[in-house]
Amino acid sequence: MTSPVLPSHGRVRPLGLAQVSLTGGFWGGRQTVNATATLAHCESWMERLGWLANFDRVADGTTGPDRPGWSFSDSEVYKLLEALSWESARSGDPEAESAIKRLTARVARAQDPDGYLNTCFGHPGRPPRYSDLEMGHELYNTGHLLQAAVARLRTAGDDDLVRVARRAADHVCRTFGPGGIDGVCGHPEIEVGLAEFGRALGEPRYVEQARLFIERRGHGRLKDIPLGRAYFQDDIPVREADVWRGHAVRALYLAAASVDVAVETGDSGLLDAVRRQWERSVARRTYVTGGMGSRHQDEGFGEDWELPPDRAYCETCAGVASIMVSWRLYLATGDVRCTDLIERTLYNVVATSPSADGRAFFYANPLHQRAAGRPADPDEVSPRAEAGVRAAWFDVSCCPTNVARTLAGLHAYLATVDDDGLQLLQYAAGEIRAELPGGRPVALDVETAYPDDGTVRVRVVAGPDEPWTLSLRVPGWADGATLTEGGRTTTVAPGLAQVRRAFAAGDEIVLELPVTPRFTWPDPRIDAVRGCVAVERGPEVLCVESADLPSRGVLDDLTIDTLTIDTGSAPRAVPGGAVVRGRARGVPDQAWSYRDRPLSGDGGDWFDVPLRPYHAWARRGPSSMRIFLPIADQPADQHPPIQEGA
Ligand SMILES: [Zn+2]
């Protein structure tokens, strides 16, 4: 079967990618842009920067000190190969298939006879193999090669890429197995790659090597660095940790692999450890967008409640990695809250990164941009992760290919099955042609304009004669959702709404999710946004952009009234947005920002403040932006409107 993650057992089972298709709408449109623009965009940048030629140079013996790119640039080629593999299977696009073949041929030529494959280390003029486990990313690169090979193996069978990956995995097992180097890679990823490659090939040695790497970490095998060993999770063993810390992508790739190994080896202690870490990290170290990572210096998690909106890092890759962890935990446990977090992260991190044309990306995803960025040159590499505008490519360009592989296989996350029926988890226009246990086919069509509209129509096209259970996820925010089937409408609570009966072809089940805009108050322990409120609409977090305010400076000084909110009868409303009432506090500029009593003042006139989905911010050019809005001392309706010129 075809899916990025196929555990040998679990509470629920994923569907194959061939069993689900997106037919348009929010995600179908993005998947098309990914296929028609982003994949070629990524390849052309890697060609232009010499990251692809690095493989040719190793093969030709011409690499040396002038090798371009960071030590992890090989991994971008592998992530693109993974994306192309999912895309080729999804659409049958011959260009995707020929891109796989030409990239694979260049990668394969660079592999050493013993299976070692890396363009940065281990060749004349380059540092020796495994001479910098802390920051060298050698095993990290191999992990992404294995994930690409999993995609290829499950969509096209055992081809050259799979053979290259098998030799690379064998090399890793020989070199780092019992009696070999007793070390780990400074950036987890080899673990999740080995675990899935082992599952895909039915090769327990690879899962065992992943287990060894996981057990070794946390005992100080890596050298201490100024950022501390928590940066690469070598401070505490995985099974003893209570919360995610250090570099967010590292922490989350490690957690994803830990779930895989726990499931394959029946290690309930390890699984419980990751569940415990998920609970506390989601409760105390996650932004309202689902973004993770509060600190720029180490791209890392902060302490509990350390969630500053303007210094939010929220790397796009950390969003992808968080989805990887939550999906694995959901498959193992059936805990549907994991798929709530996946939805939040998809709409507010993954969808935020790419531009509408799929050729520019956000790396960091702050919740408050104080100064508008400068327009990005589509022909220039951005040296920075944070810029306030989407960039065509980055010096460290991990995020574009991570978005590409996620969107190419996005339909993997729509639904699952268990012994009793099918669970519909994410709502997108699409078709599901699956099998319930016992080989009983079931066909469903989903019609929806979600999240613009909250109506989800599920039509049974075919199904078994005997009763089975159709479950629809009701998101945690969806207070007052209703389900209509067989002429009856009932209110359904967050979690899974279940209908169990024998369905006939043509039966329709309609879920109504309340996507009217709502205020969301943060926990008061999140100091940085105390006294502020956010606005959400369905799964989308909304924001205010300076371009929608009377003047640019107002964004710093804005307070809003939490008594009124509407979807946009106001003339300046934005589709999919909302409108609140706000005004400028009118704080005078002072020589010193502190005084012996609170500043008081009525503020200026009330005006309409249009909000738009956060994922759409900065699409009209550079702007300042904020999600959390300070609450006005007194609501709008207690103030008589101030007459113009009065
Ligand atoms: Zn990244």
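The values are calculated or read from the model by the stated rules, or taken from the named source; none is laboratory data. No experiment lies behind these values; they were computed from the predicted model shown. Counting neighbours? That spans all protein chains shown, and the Cβs are built from the backbone with ideal geometry, glycine included. Quick note on the areas: whole protein, heavy atoms, side chains included, nothing else; ligands and nucleic acids left out. Shrake-Rupley method; radii C 1.70, N 1.55, O 1.52, S 1.80 Å.
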Restricting segment 107-164 to residues that are within 21 Å of D260 (Cβ to Cβ) and polar (S, T, N, Q), which is nearest to the chain's Cα centre (by Cα)?
Q147
Collect the residues in segment 216-270 that are small (G, A, S), in a helix (DSSP H, G or I) and either touching a strand residue (DSSP E or B) at 6+ places or on another chain (Cβ under 6 Å) or open to solvent by less than 20 Å² (accessible area, probe 1.4 Å) (or both), keeping them in residue-number order.
A248, A251, A255, A256, A257, S258, A262
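Given the criterion touching a residue at least 60 places away in the same chain (Cβ under 8 Å) and within 16 Å of the ligand (Cβ to nearest atom), identify the matching residue among G246, G300. Working first, answer last.
Working: G246 fails: touching a residue at least 60 places away in the same chain (Cβ under 8 Å).
That would be G300, the only listed residue that is touching a residue at least 60 places away in the same chain (Cβ under 8 Å) and within 16 Å of the ligand (Cβ to nearest atom).
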Which residue pairs have Cβ atoms under 6 Å apart, sit 6 or more places apart or on different chains, and have a first residue in segment 313-324 that is free of Cβ contacts under 8 Å to residues at least 60 places away in the same chain and a second that is more than 7 Å from the ligand (Cβ to nearest atom) and among the aliphatic types (A, V, I, L, M)?
G319/V349; G319/V350
Restricting attention to segment 17-29, report how many residues are open to solvent by less than 60 Å² (accessible area, probe 1.4 Å) and more than 15 Å from W327 (Cβ to Cβ).
9
Do the conditions hold for R384, that is, is it within 16 Å of the ligand (Cβ to nearest atom), of a type in the set (K, R) and surrounded by fewer than 17 Cβ atoms within 10 Å (Cβ to Cβ)?
yes
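Inside segment 313-345, can you point out the residues that are among the hydrophobic types (A, V, I, L, M, F, W, C), part of a helix (DSSP H, G or I) and open to solvent by less than 10 Å² (accessible area, probe 1.4 Å)?
Those that are among the hydrophobic types (A, V, I, L, M, F, W, C), part of a helix (DSSP H, G or I) and open to solvent by less than 10 Å² (accessible area, probe 1.4 Å): C317, A318, V320, A321, I323, V325, W327, L329, L331, C338, I342.
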When every residue in segment 282-293 that is surrounded by 24 or more Cβ atoms within 10 Å (Cβ to Cβ) and among the small types (G, A, S) is compared, the one nearest to the ligand (Cβ to nearest atom) is G293
Failed criterion for A392 (all others in (1) under 22 Å from R626 (Cβ atoms); (2) open to solvent by less than 20 Å² (accessible area, probe 1.4 Å); (3) among the hydrophobic types (A, V, I, L, M, F, W, C) hold)
(1)
Being within 25 Å of Y313 (Cα to Cα) and basic (K, R): is that true of R405 here?
yes
For the subset of segment 155-170 comprising residues that are open to solvent by less than 10 Å² (accessible area, probe 1.4 Å) and without any contact (Cβ under 8 Å) to a residue 60 or more places away in the chain, which member is nearest to E215 (Cα to Cα)?
A169
Report, by residue number, each residue of segment 396-438 that is touching a Lys or Arg at 6+ places or on another chain (Cβ under 7 Å) and of a type in the set (K, R).
R405
Which residues, taken from segment 360-381, are surrounded by 24 or more Cβ atoms within 10 Å (Cβ to Cβ) and more than 16 Å from the ligand (Cβ to nearest atom)?
L367, Q369
Among the residues of segment 204-215, is there at least one that is open to solvent by less than 60 Å² (accessible area, probe 1.4 Å) and part of a loop (DSSP other than H, G, I, E, B)?
no
Listed by first then second residue, the pairs whose first member lies in segment 370-390 and is outside any loop (DSSP other than H, G, I, E, B), whose partner is away from the ligand (no atom under 15 Å from the Cβ) and not basic (K, R), with beta carbons under 7 Å and at least 6 positions apart or on separate chains, are S382/A376
State all residues of segment 535-569 that are of a type in the set (V, I, T) and in contact with a Pro (Cβ under 9 Å, 6 or more places away or on another chain); if no residue qualifies, say none.
V535, V541, V544, T559, I560, T562, T564, I565, T567
T175 passes all but one of (1) without any contact (Cβ under 8 Å) to a residue 24 or more places away in the chain; (2) within 29 Å of A53 (Cβ to Cβ); which number fails?
(1)
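Does D357 satisfy the condition of being open to solvent by 10 Å² or more (accessible area, probe 1.4 Å), touching a residue at least 40 places away in the same chain (Cβ under 8 Å), away from the ligand (no atom under 16 Å from the Cβ) and not in a loop (DSSP other than H, G, I, E, B)?
Numbers: open to solvent by 10 Å² or more (accessible area, probe 1.4 Å): yes; touching a residue at least 40 places away in the same chain (Cβ under 8 Å): yes; away from the ligand (no atom under 16 Å from the Cβ): yes; not in a loop (DSSP other than H, G, I, E, B): no.
No, not satisfied.
Tell me which residues, restricted to segment 395-443, are within 16 Å of the ligand (Cβ to nearest atom), among the aliphatic types (A, V, I, L, M) and either open to solvent by less than 20 Å² (accessible area, probe 1.4 Å) or assigned to a strand (DSSP E or B) (or both).
Of segment 395-443, the ones within 16 Å of the ligand (Cβ to nearest atom) are 395-407.
Retained after the next criterion (residues that are among the aliphatic types (A, V, I, L, M)): 396, 403-404, 407.
Across segment 395-443, the qualifying residues are V403, A404, L407.
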When every residue in segment 58-102 that is polar (S, T, N, Q), under 23 Å from the mean Cα position of the chain (by Cα) and within 25 Å of Q19 (Cα to Cα) is compared, the one least open to solvent (accessible area, probe 1.4 Å) is S85
